[in-house]
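Questions regarding the structure given below will be posed in turn.
The values are calculated or read from the model by the stated rules, or taken from the named source; none is laboratory data. Only a predicted model underlies this, so the values are computations on that prediction, with no experimental measurement involved. Neighbour counts run over all protein chains shown; Cβ positions are idealised from the backbone, glycine included. Heads up: the accessible areas ignore ligands, DNA and RNA and are worked out on the full protein's heavy atoms, side chains in. Shrake-Rupley method; radii C 1.70, N 1.55, O 1.52, S 1.80 Å.
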Amino acid sequence: MLEIKDLHATIGGKEILKGITLTINAGEIHAVMGPNGAGKSTLSYVLAGRSGYEVTSGSVTYKGEDLLALSPDERACKGIFLAFQYPVEIPGVASATFMKTAYNARQKYRGEQEVDAMEFLKLVRVKTKELGIKDEMLKRAVNVGFSGGEKKRNEVLQMALLEPDLMLLDETDSGLDIDALKIAADGINRLRSPERAGLIITHYQRLLDYIIPDFVHVLADGRIVKSGDKSLALELEEKGYAEMSAA
Amino acid sequence: MAIAQETVEQVASVSEKYKYGFVSDIEADTAPIGLSEDIVRFISAKKEEPEWLLEWRLKAYRHWLTMEEPEWASVHYPKIDFQDIYYYSAPKVKDKLKSLDEVDPELLEVYKKLGIPLREQEVLAGVEGAYNVAVDAVFDSVSVATTFKARLEEDGVIFCPISEAVRDHPELVKKYMGSVVPYTDNYYATLNSAVFTDGSFCYIPKGVRCPMELSTYFRINAAQTGQFERTLIIAEEGSYVSYLEGCTAPMRDENQLHAAVVELIIDKDAEIKYSTVQNWYPGDENGIGGIFNFVTKRAACRGENSKVSWTQVETGSAITWKYPSCILQGDNSVGEFYSIAITNNMQQADTGTKMIHLGKNTSSTIISKGISAGRAQNTYRGLVRMGRKAENARNHTVCDSLLIGDKCGAHTVPYIENQSRTAKIEHEATTSKVSEEQLFYCQQRGLTEEESMALIVNGFCKEVLQKLPMEFAVEAQKLVGISLEGSVG
């Protein structure tokens, strides 16, 4: 589904990604772990197409297409979803409106029927129920005054609704207490399917107790220094990043 | 489009019913270019006005000659040559219309372009239970269609072109016109007093809640024709009316002057809600063309517990100079001003309000949302004045500015004058930018950059958009998006 080859990227002229090669097939969940500043979030932003992140060399192919040639919204409409580490506040825009607009943007892009407010509420209520989210949250402005846990849960809700093919989760576990973490993980696990893939970016192995990855990669100083199965995450937890990176 | 065609037919059939919209005084005609006493007399004669009105116009004209064009606003434009403007033009109608086929297709085309909203189409088509909206369409200075007059008459509501009011209700016009905005008021209002051609008149008698929203569509059409509308609304004791005003204009290169005057009179326990969506041609991205909009709007809350609410969405015009104001004379009277002003490219807006508190326990609320993009300049200018007798008067002002890009400007100029020891005045102001983060977040959810911008800006304006009547709110939301096209990337 996703093929990253020798990807180099800079921000403000500074090279952050220094040659990343990674292949993610449909049905697989990959975890990328690494210390602060390793380039984990940069990787997710480059894949999502955020401006200011310049790819200097390498390639990214998504479903056989040159991903880097697409605008951020095209990537989203083609099934890439980034759950933000720090979800952004949009004052005055109700969560329900935001999600309906996003849902319909994708429908339109795919030449499918857009939904009206009533139909949309039906759709979204199924998801809020599954995720234990109160409908009241739909009326509040996007992420405004949300607690850390609410913001993350809202990201998972949006993801559940938009049903992406490739999920990019940027430190979705940070700021979550154990109950919230379980709910978020549940939501993500529910989306796991043979057609869907995921890239989980995390600091800690904790999240991986709930979302069992097929592969784990260690990212340090802009490179993948080690890859393995889920046992690698446990090893990391034990030995720490310093030793792993040095290895 | 089938719906548009349907509307055109509906309007045409209504026009046919109300033939008074096509009386002889609108026979094809344009006054010679320029302004003089003769032109003022010409306009007055064309409208078959009584002597007192001609005298009033002439007094205004003579006073105008002694005045200087104001320069205090933060807007810049080439000097207007008032002798290079046509002050009167009327659409061409051959004879009295006998059937639909005789309606000028050009006129029908204008209606089509006006895009009369679906709600109104339903009403025009007589759909059962449809929301009632009466439309008094102003086509190039002369009203050509008035609907629902009969329904309004049942309740004693008068809603007609002002020229018709001069003819049929001279006592009301004579009593109230110029009583809120005197002919000496300011340069543009004085000019308007001399040469106004048409506009709406509305009178709600004591205790009547107007059974429908009243709406007027203004359109500037003939090249180089200044538009000088005059609107007068009187709400008698205990009455209520909601008035909607919306504008569109075609593309053209020459700047067009528009100087309207709106006067509202509100008696004891009465309320007027006045909503405007203004999207006149703003000029191109280099500032060529576009409407010059110099408007004087003022409401007098004369009675106790009277209330006026101005809501405006200003997205058009090259220059906007507009300060809908409230004179809160009656005790406990309430004034509200909710504004969205969007300027893009080379547009300039200097807009705000004046809240003049005279009575006891009067209160006012100002919520202004200014959005600036491109190389535009957006100024909020507002006065809050508490008079000596305005005991316990209150004002709350919120001015929020939003900047898009780094070449535009936002300015907030509040004036506060307080002579009351017990008055409370609060002023809040913020300036923010649409962040790259917000845009990226929306785009990552599948919205294009422009859709993202429209969504974020609509969120910023939400408090004001909510104040608009339903059908206007939908239009206005779309307009917010359209106005900002080309502002990103």
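Hey, any hits in region B:396-407 for a residue that's farther than 19 Å from B:E304 by Cβ, among the polar types (S, T, N, Q), open to solvent by 40 Å² or more (accessible area, probe 1.4 Å) and within 25 Å of the chain's Cα centre (by Cα)?
Taking region B:396-407 first, the residues farther than 19 Å from B:E304 by Cβ are B:396-407.
With the extra rule that they be among the polar types (S, T, N, Q), the set shrinks to B:397, B:401.
From what's left, open to solvent by 40 Å² or more (accessible area, probe 1.4 Å): none.
Scanning region B:396-407, I find no residue that is farther than 19 Å from B:E304 by Cβ, among the polar types (S, T, N, Q), open to solvent by 40 Å² or more (accessible area, probe 1.4 Å) and within 25 Å of the chain's Cα centre (by Cα), so the answer is no.
Is it the case that some residue within region A:49-57 is within 23 Å of A:M159 (Cβ to Cβ) and either in contact (Cβ under 8 Å) with a residue 60 or more places away in the chain or among the aromatic types (F, W, Y) (or both)?
The first filter runs over region A:49-57 and keeps only residues within 23 Å of A:M159 (Cβ to Cβ), leaving A:49-51, A:53.
Going one step further and asking which of them are either in contact (Cβ under 8 Å) with a residue 60 or more places away in the chain or among the aromatic types (F, W, Y) (or both), we end up with A:53.
Within region A:49-57, one or more residues are within 23 Å of A:M159 (Cβ to Cβ) and either in contact (Cβ under 8 Å) with a residue 60 or more places away in the chain or among the aromatic types (F, W, Y) (or both).
I'd like to verify a number: residues in region A:114-141 that are touching a residue at least 40 places away in the same chain (Cβ under 8 Å) and either more than 14 Å from chain B (Cβ to nearest Cβ) or surrounded by 18 or more Cβ atoms within 10 Å (Cβ to Cβ) (or both), how many?
So the first thing to find is which residues in region A:114-141 are touching a residue at least 40 places away in the same chain (Cβ under 8 Å), and the list is A:130-132, A:137-141.
Of the ones still in play, those that are also either more than 14 Å from chain B (Cβ to nearest Cβ) or surrounded by 18 or more Cβ atoms within 10 Å (Cβ to Cβ) (or both) are A:130-132, A:137-138, A:141.
The qualifying residues number 6.
Suppose we filter region B:283-324 for residues that are in a loop (DSSP other than H, G, I, E, B) and either acidic (D, E) or out of contact with any helix residue (DSSP H, G or I) (no Cβ under 6 Å at 6 or more places or on another chain) (or both); how many remain?
Here is the first cut: in region B:283-324, the residues in a loop (DSSP other than H, G, I, E, B) are B:283-290, B:302-306, B:315-318, B:323-324.
Applying the additional criterion that residues be either acidic (D, E) or out of contact with any helix residue (DSSP H, G or I) (no Cβ under 6 Å at 6 or more places or on another chain) (or both) yields B:283-290, B:302-306, B:316-318, B:323-324.
Total satisfying the criteria: 18.
Would you tally the residues in region A:142-162 being hydrophobic (A, V, I, L, M, F, W, C), touching a residue at least 60 places away in the same chain (Cβ under 8 Å) and within 13 Å of another protein chain (Cβ to nearest Cβ)?
Residues of region A:142-162 that are hydrophobic (A, V, I, L, M, F, W, C), as a first pass: A:142, A:144, A:146, A:156-157, A:159-162.
Add one more test, that the residue is touching a residue at least 60 places away in the same chain (Cβ under 8 Å), and what stays is A:156, A:159, A:161-162.
Still in the running and within 13 Å of another protein chain (Cβ to nearest Cβ): A:159, A:161-162.
The number of residues fulfilling the criteria is 3.
Take region A:13-52 and flag every residue that is open to solvent by 50 Å² or more (accessible area, probe 1.4 Å), within 14 Å of chain B (Cβ to nearest Cβ) and hydroxyl-bearing (S, T, Y).
Selection gives A:S51 alone.
On to the next question. Please verify whether A:Y62 is touching a residue at least 24 places away in the same chain (Cβ under 8 Å), within 14 Å of chain B (Cβ to nearest Cβ) and of a type in the set (F, W, Y), treating the condition exactly as stated.
On the way: touching a residue at least 24 places away in the same chain (Cβ under 8 Å): yes; within 14 Å of chain B (Cβ to nearest Cβ): no; of a type in the set (F, W, Y): yes.
For A:Y62, the condition - touching a residue at least 24 places away in the same chain (Cβ under 8 Å), within 14 Å of chain B (Cβ to nearest Cβ) and of a type in the set (F, W, Y) - is not met.
Within region A:144-247, considering only strands (runs of 3 or more DSSP E) that don't extend past its boundaries, which have at least 2 residues that are modelled with pLDDT under 90 and open to solvent by 10 Å² or more (accessible area, probe 1.4 Å)?
On the way: elements: A:166-170, A:197-202, A:215-220, A:223-228.
Those strands (runs of 3 or more DSSP E) do not exist here; none qualify.
Go through the residues of region B:43-60 one by one and say whether even a single one is modelled with pLDDT under 90, open to solvent by 40 Å² or more (accessible area, probe 1.4 Å) and farther than 25 Å from B:V173 by Cα.
no
If a residue must be part of a strand (DSSP E or B) and in contact with a strand residue (DSSP E or B) (Cβ under 8 Å, 6 or more places away or on another chain), how many such residues does region A:60-91 contain?
Here is the first cut: in region A:60-91, the residues part of a strand (DSSP E or B) are A:60-62, A:65-66, A:80-83, A:90-91.
Filter again for in contact with a strand residue (DSSP E or B) (Cβ under 8 Å, 6 or more places away or on another chain), leaving A:60-62, A:66, A:80-83, A:90-91.
Total meeting the criteria: 10.
Can you pull out the strands (runs of 3 or more DSSP E) entirely within region B:347-447 that have at least 3 residues that are out of contact with any Phe, Trp or Tyr (no Cβ under 9 Å at 6 or more places or on another chain) and more than 14 Å from chain A (Cβ to nearest Cβ)?
Hits in region B:347-447: B:377-386, B:394-403, B:409-418, B:424-433.
Scan (1) within 19 Å of B:A349 (Cα to Cα); (2) within 14 Å of another protein chain (Cβ to nearest Cβ) for the single condition B:Q466 breaks and write down its number.
With respect to (1) within 19 Å of B:A349 (Cα to Cα); (2) within 14 Å of another protein chain (Cβ to nearest Cβ), B:Q466 is out only on (1).
Of everything in region A:66-113, what is more than 11 Å from chain B (Cβ to nearest Cβ) and free of Cβ contacts under 8 Å to residues at least 12 places away in the same chain? Give them in sequence order.
A:D66, A:A69, A:G111, A:E112, A:Q113, listed by residue number.
Which residue is farthest from the other protein chains (Cβ to nearest Cβ), if the candidates are limited to region B:448-463 and must be over 26 Å from the mean Cα position of the chain (by Cα) and of a type in the set (D, E)?
Applying the filter and picking the extreme gives B:E450.
Also: Tell me yes or no: at least one residue of region B:473-489 is among the hydrophobic types (A, V, I, L, M, F, W, C) and more than 24 Å from the chain's Cα centre (by Cα). Spell out how you get there, then give the answer.
Here is the first cut: in region B:473-489, the ones among the hydrophobic types (A, V, I, L, M, F, W, C) are B:473-474, B:476, B:479-480, B:482, B:484, B:488.
Adding the requirement that they be more than 24 Å from the chain's Cα centre (by Cα) leaves B:488.
Checked against the condition, which is being among the hydrophobic types (A, V, I, L, M, F, W, C) and more than 24 Å from the chain's Cα centre (by Cα), region B:473-489 yields at least one hit.
Taking B:I340, is it part of a strand (DSSP E or B) and in contact with a helix residue (DSSP H, G or I) (Cβ under 9 Å, 6 or more places away or on another chain)?
Working: part of a strand (DSSP E or B): yes; in contact with a helix residue (DSSP H, G or I) (Cβ under 9 Å, 6 or more places away or on another chain): yes.
In short, yes.
Go through (1) within 17 Å of the chain's Cα centre (by Cα); (2) farther than 24 Å from A:K182 by Cβ; (3) of a type in the set (S, T, N, Q) one by one and return the number of the condition A:S59 breaks.
Unmet for A:S59, out of (1) within 17 Å of the chain's Cα centre (by Cα); (2) farther than 24 Å from A:K182 by Cβ; (3) of a type in the set (S, T, N, Q): (1).
Tell me which strands (runs of 3 or more DSSP E) are completely within region B:204-282 and hold 2 or more residues being surrounded by fewer than 23 Cβ atoms within 10 Å (Cβ to Cβ), modelled with pLDDT of 90 or more and touching a His at 6+ places or on another chain (Cβ under 6 Å), or say none if there are none.
Of the strands (runs of 3 or more DSSP E) lying wholly inside region B:204-282, none has at least 2 residues that are surrounded by fewer than 23 Cβ atoms within 10 Å (Cβ to Cβ), modelled with pLDDT of 90 or more and touching a His at 6+ places or on another chain (Cβ under 6 Å).
A follow-up question, please. Among the residues that make up region B:302-316, is at least one of them buried (at least 24 other Cβ atoms within 10 Å of the Cβ) and touching a His at 6+ places or on another chain (Cβ under 6 Å)?
no
So, one more: Report the residue count in region B:422-446 for those that are open to solvent by 40 Å² or more (accessible area, probe 1.4 Å) and among the aliphatic types (A, V, I, L, M).
Residues in region B:422-446 being open to solvent by 40 Å² or more (accessible area, probe 1.4 Å) and among the aliphatic types (A, V, I, L, M): 2 in total.
Answer with yes or no whether B:I327 is in contact with a strand residue (DSSP E or B) (Cβ under 8 Å, 6 or more places away or on another chain), open to solvent by 10 Å² or more (accessible area, probe 1.4 Å), in a strand (DSSP E or B) and among the β-branched types (V, I, T). Spell out the reasoning first.
On the way: in contact with a strand residue (DSSP E or B) (Cβ under 8 Å, 6 or more places away or on another chain): yes; open to solvent by 10 Å² or more (accessible area, probe 1.4 Å): yes; in a strand (DSSP E or B): yes; among the β-branched types (V, I, T): yes.
Answer is yes for this residue.
Which of the numbered conditions does B:E451 fail, given that it passes all the others? Conditions: (1) in a helix (DSSP H, G or I); (2) open to solvent by less than 40 Å² (accessible area, probe 1.4 Å); (3) not hydrophobic (A, V, I, L, M, F, W, C).
The number of the failed condition is (2).
Taking B:E450 as the residue in question, decide whether it is closer than 26 Å to B:S275 by Cα, of a type outside the set (V, I, T) and touching a residue at least 12 places away in the same chain (Cβ under 8 Å). Even if it seems obvious, please write down each step before you answer.
Numbers: closer than 26 Å to B:S275 by Cα: no; of a type outside the set (V, I, T): yes; touching a residue at least 12 places away in the same chain (Cβ under 8 Å): yes.
So B:E450 fails the test.
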